[in-house]
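A.B. asks: Below are the structure tokens for one structure; questions will follow.
The values are calculated or read from the model by the stated rules, or taken from the named source; none is laboratory data. Just so you know, these numbers come straight off a predicted model, no measurement behind them. Here Cβ is always computed from backbone atoms with ideal geometry, including for glycine, and neighbour counts include all displayed protein chains.
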Amino acid sequence: MLDWLTIDNIETIVEKYKLLGPFFGILLTFLESFIPILPLFVIIIANAAAYGLFWGFLLSWLGTVAGSYLFFLMIRMFGNYRVFRRIKEQKQVKKLINWVDIRGFTPLFVLLCLPFTPVVVVNTVAGLSNIKKKYYFLTLLISKPILIFLISYLGSDLRDILTSPVKLIISAVIILIIWGIGKLIENILNKRVERDLREIGKLRKHK
């Protein structure tokens, strides 16, 4: 398998992927919002490698925003169904929903900016919360570009990265740093959720 993964074979796969057309690039990132097992990181790289940095970035951005917002709207529409009521009653989900209702835009924006964030979970929490539709759409629009652009940049010059050990190592280090920063911010957010909810609980008791 490793012997087969040569630069030429990878470029052949990219060319075949390109023949499927740009709509397919949008479709895959769109579907990832509903099927989290799809590797968004790989899809974004494939789009950038096939269509270049600008168009690859644009296709990935449009697809993931459209998919996430449609998923959000579906949760908002069917949120009162029994299955979603059960999800809403789960302790961690309830905490996140309460925090989003209190803090609004900021926590969702930060979560969506983080790498490897389970977008399905964030979209579900947003759909079950009281955030306005237009605000969540705006949040999706402005939270996704940075991470998608960085991944697209790595994929847009795939041959150069794969044939240069230094650039490959630098790319791997960048990804690990982003992941580490994401986990650090995630831990900070979790602590703030607990703190804010404790403070609200105390205020309610005093009342």
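A.B. asks: Does F34 fit the bill of being surrounded by 15 or more Cβ atoms within 10 Å (Cβ to Cβ), under 18 Å from L128 (Cβ atoms) and at pLDDT below 70?
C.D. replies: It is false that F34 is surrounded by 15 or more Cβ atoms within 10 Å (Cβ to Cβ), under 18 Å from L128 (Cβ atoms) and at pLDDT below 70.
A.B. asks: Taking G52 as meeting all but one of (1) at pLDDT below 90; (2) more than 30 Å from T12 (Cα to Cα), write down the number of the exception.
C.D. replies: G52 satisfies every listed condition except (2).
A.B. asks: Only one of F78, F72, F137, F109 is at pLDDT below 85 and touching a Phe, Trp or Tyr at 6+ places or on another chain (Cβ under 7 Å); which?
C.D. replies: Sole residue among the options that is at pLDDT below 85 and touching a Phe, Trp or Tyr at 6+ places or on another chain (Cβ under 7 Å): F78.
A.B. asks: In the stretch 132-158, what residues are closer than 18 Å to L96 by Cα, surrounded by fewer than 21 Cβ atoms within 10 Å (Cβ to Cβ) and free of Cβ contacts under 8 Å to residues at least 40 places away in the same chain?
C.D. replies: Correct list: K132, Y135.
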